[in-house]
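Heads up: the structure comes next, in structure tokens.
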Amino acid sequence: MTPRPAAWRVGLFVLLGTAVLVLAVLWVARDWLGATERVQMRFEGSVWGLQAGAPVVLRGVRVGQVTHIGLDGGEGGVPVMAQLDRAALAPLLPAGHVGALAPALVQRGLVATLATQSLLTGLLYVDLAFDPTRAGAAPALADPPQIPTRPTMLSTLQRQLASVDLAQLGADLQAVVAAARRTIAQPEAEQALVRAGRAAAALEALAVQLL
């Protein structure tokens, strides 16, 4: 007996639903399959301009993306979660390395910094680099593994400016200006300025004659 058209439609619907379900399970389980590795970073100060989906870059190569930016009640900075591509980072470690990549890379001096994607949009990304001065440091015990961070040049400059005593700097400048005025007001200084003016006038007249 030939199957009725309705049965064909039901069978096709079930087949498509099963395929979508399998793809969804594979997508959710990509971490379990080892394709990516979750890491966390904590940045001091504001992370305005950093968004979920922002690239994580190492030596100009995209090796992951930011997945979550949150807040906590502690004083350890702003927590930023990211997914790293294991296949992209595997060549940086010895062949046959087993286990998480991030702690091994942190021992080599891996650090994270916020960088600007575009001056027009103000969007940020996470820039990874190896700092030789940090090589050999023991990675922090955290789940997921934590990558150390370092401040940007702009934030460092802001902290330095914040530590400047502007009131004292203004008082010092006023003292310098007052001392300069007293020096210029002395007879010897006035005579020197007059002689300098005469010499300049004589040089100008000589230049006119030579021309």
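Only a single criterion out of (1) within 16 Å of the chain's Cα centre (by Cα); (2) open to solvent by less than 30 Å² (accessible area, probe 1.4 Å) is not satisfied by Pro144, namely (1). The number of residues in region 78-103 that are in a helix (DSSP H, G or I) and open to solvent by 20 Å² or more (accessible area, probe 1.4 Å) comes to 7.
Which condition from (1) assigned to a helix (DSSP H, G or I); (2) among the hydrophobic types (A, V, I, L, M, F, W, C); (3) at pLDDT 70 or above; (4) touching a helix residue (DSSP H, G or I) at 6+ places or on another chain (Cβ under 8 Å) is the one that Ala138 breaks? That leaves (1) as the condition not met. The residue of region 104-141 that is nearest to Val66 (Cα to Cα), among those that are open to solvent by 80 Å² or more (accessible area, probe 1.4 Å) and of a type in the set (Val, Ile, Thr), is Thr121.
The values are calculated or read from the model by the stated rules, or taken from the named source; none is laboratory data. This one's a predicted model, so the numbers in the text were calculated from it and none came from an experiment. Neighbour counts are summed over all protein chains in view; Cβ atoms, including those assigned to glycine, are modelled from backbone coordinates with ideal geometry. Note: areas computed on protein heavy atoms with side chains; ligands, DNA, RNA excluded. Shrake-Rupley method; radii C 1.70, N 1.55, O 1.52, S 1.80 Å.
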